[in-house]
Amino acid sequence: PYSHTPWHRGAQQPGMTGQVKEDVLVRFGELGISMEEGRLRFDPFLLKRSEFISEAASFEYYGLDYQRRELELTGNALGFTCCQVPVKYTIREEESLKLEFADGSSLKFNGKELDEANSMEIFKRSGKVKSISVSLKESSLRS
């Protein structure tokens, strides 16, 4: 982050590019996205309950084909993308993950972690995974 520090001065605040990188990395940390042994994991223990919308809305993003897309969100939801795949967090009674595939099929996982093969499809941006829905218990969020 101190790549713009002149040689004749002490450590300076990060430049704008460094700050943007820090903000992006911190945000992914808050959203609870991590990778462990090649598996994508969603564990947003730093995420605040107040970041979830209270009423239905649409979330705009750009897909792998660079076209503008919309994802409909219900109340108690939050939307973002991971490797250009839309992710929807929803507060529910159980913790689970659901993948929607481009061919119309779906696959559900108990817990907060995907398998290695589907994680790799997301990382490769292959287009096989159309969306990710993550159900979270309200108790797993910060107030």
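The values are calculated or read from the model by the stated rules, or taken from the named source; none is laboratory data. The structure presented is a predicted model; accordingly, all values stated were derived computationally and were not measured. Cβ sites come from the backbone with ideal geometry, for glycine too, and all protein chains shown count toward neighbours. Accessible surface areas use protein heavy atoms only, side chains included; no ligands, DNA or RNA. Shrake-Rupley method; radii C 1.70, N 1.55, O 1.52, S 1.80 Å.
Scanning region 31-83 for residues that are hydroxyl-bearing (Ser, Thr, Tyr) and on the phi > 0 side of the Ramachandran plot yields one hit, 66. Listed by first and then second residue, the pairs with beta-carbon distance under 6 Å, at least 6 apart or on different chains, first residue in region 59-86 and over 19 Å from residue 101 (Cβ atoms) and without any contact (Cβ under 8 Å) to a residue 24 or more places away in the chain, second of a type outside the set (Val, Ile, Thr) and surrounded by 16 or more Cβ atoms within 10 Å (Cβ to Cβ), are 73/59; 73/79. Kindly indicate whether residue 134 is in contact (Cβ under 8 Å) with a residue 60 or more places away in the chain, aliphatic (A, V, I, L, M) and open to solvent by less than 30 Å² (accessible area, probe 1.4 Å). Considered against the rule, which asks whether it is in contact (Cβ under 8 Å) with a residue 60 or more places away in the chain, aliphatic (A, V, I, L, M) and open to solvent by less than 30 Å² (accessible area, probe 1.4 Å), residue 134 comes out as yes. Scanning region 63-88 for residues being open to solvent by less than 60 Å² (accessible area, probe 1.4 Å) and in a strand (DSSP E or B) gives a total of 12. Just one of the listed residues (55, 100) is free of Cβ contacts under 8 Å to residues at least 40 places away in the same chain and not in a loop (DSSP other than H, G, I, E, B), namely 100. Each residue in region 105-143 was checked for being farther than 18 Å from residue 61 by Cα, within 14 Å of the chain's Cα centre (by Cα) and not in a loop (DSSP other than H, G, I, E, B), and 4 of them qualify.
For region 89-122, which positions are open to solvent by less than 60 Å² (accessible area, probe 1.4 Å), out of contact with any Asp or Glu (no Cβ under 8 Å at 6 or more places or on another chain) and not acidic (Asp, Glu)? Selection gives 89, 90, 96, 99, 101, 105, 114, 118, 119, 122.
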